[in-house]
Amino acid sequence: MLRRRILLIEDEESISEPLASALERDGFDVVVAATAAQGRERFHAESPDLVLLDVMLSDGDGKDVLREIRSASRTPVIMVTARGEELERVLGLELGADDYVTKPFSAAELAARVRAVLRRVDAPTSPGEAVLEVGDVRMELDRHEVKSGGNAVELTVKEFEVLRMLLENAGKVVRREQLIREVWDTSWFGSTKTLDVHVSALRKKLGDNPSSPRFIHTVRGIGFRFASSEELNART
Ligand code: CA
């Protein structure tokens, strides 16, 4: 089997060394970066399959590194936080982290999380998997059809693409820049009014109330987040 490469960004050697050895014993290739700067550099140089990212780094905030990774890619990221950093954890997930672990943790626990995240990331892109379903919103990619609560929803091509990205990342924030880059194929980050127009059209068509949305949530200054299946099921 192909060995998956993990980038571990952690400034404490007493943590990174045993962790790297344990993950290597588990069959992963591990690249260690001891600073935020080195982490950014290694991320671009190594194209890791997954990033383990400490929140508190000697030369910066792990969340800034996460933001940068998210603006460029969907590589899975597991945040490493210290006990009591509840806010850090929430912010990390809002910024698009895939999971988090709280220190102290065992290498076995971490390896299990890593495998779970990789499995989750691998699953939706497997060939033949042409349906995205979150709550009662169902998108059939091949047929270009969307249903909400069993009723067909007519979408324009761009609305369909925006919704597709949101559904693919359900539960996670998709950044405005990312939506614009992938849906409109442009890196023009000037006015993003076009995106807002499309999101409000989508909300209308899905029957979402903009002041208290059920499906598409606005994350101010960052982007949009489609509710996770768990959230939607909890509300019904
Ligand atoms: Ca640290």
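The values are calculated or read from the model by the stated rules, or taken from the named source; none is laboratory data. What you see is a predicted model; the values in this text were computed from it and never measured. Don't worry about glycine lacking a Cβ; one is built from the backbone with ideal geometry, like all the others, and counts go over all protein chains shown.
Worth pointing out:
- Scope the range 1-47; condition more than 19 Å from ALA107 (Cα to Cα) and either within 15 Å of the ligand (Cβ to nearest atom) or not in a helix (DSSP H, G or I) (or both); matching residues: MET1, LEU2, THR35, ALA36, ALA37, GLN38, GLY39, SER47
- Test: SER106 is out of contact with any Phe, Trp or Tyr (no Cβ under 7 Å at 6 or more places or on another chain), among the hydroxyl-bearing types (Ser, Thr, Tyr) and loosely packed, with under 12 Cβ neighbours inside 10 Å: yes
- Condition check for ARG138: more than 16 Å from the chain's Cα centre (by Cα) and either away from the ligand (no atom under 16 Å from the Cβ) or part of a helix (DSSP H, G or I) (or both): yes
- Selection of the range 50-106 for residues being assigned to a helix (DSSP H, G or I) and either modelled with pLDDT of 85 or more or within 13 Å of the ligand (Cβ to nearest atom) (or both) yields GLY62, LYS63, ASP64, VAL65, LEU66, ARG67, GLU68, ILE69, ARG70, SER71, GLU88.
- Taking the listed residues ALA152, ALA170, the one that is surrounded by fewer than 17 Cβ atoms within 10 Å (Cβ to Cβ), touching a strand residue (DSSP E or B) at 6+ places or on another chain (Cβ under 9 Å), in the same structural domain as GLU231 (by TED's automatic domain parsing) and at pLDDT 90 or above is ALA152, with no other qualifying.
- For the criterion of being assigned to a helix (DSSP H, G or I), within 30 Å of VAL30 (Cα to Cα) and without any contact (Cβ under 8 Å) to a residue 24 or more places away in the chain, ARG119 passes.
- Selection within the range 167-177 - more than 17 Å from ALA130 (Cβ to Cβ) and either assigned to a helix (DSSP H, G or I) or among the hydroxyl-bearing types (Ser, Thr, Tyr) (or both): ARG176, GLU177
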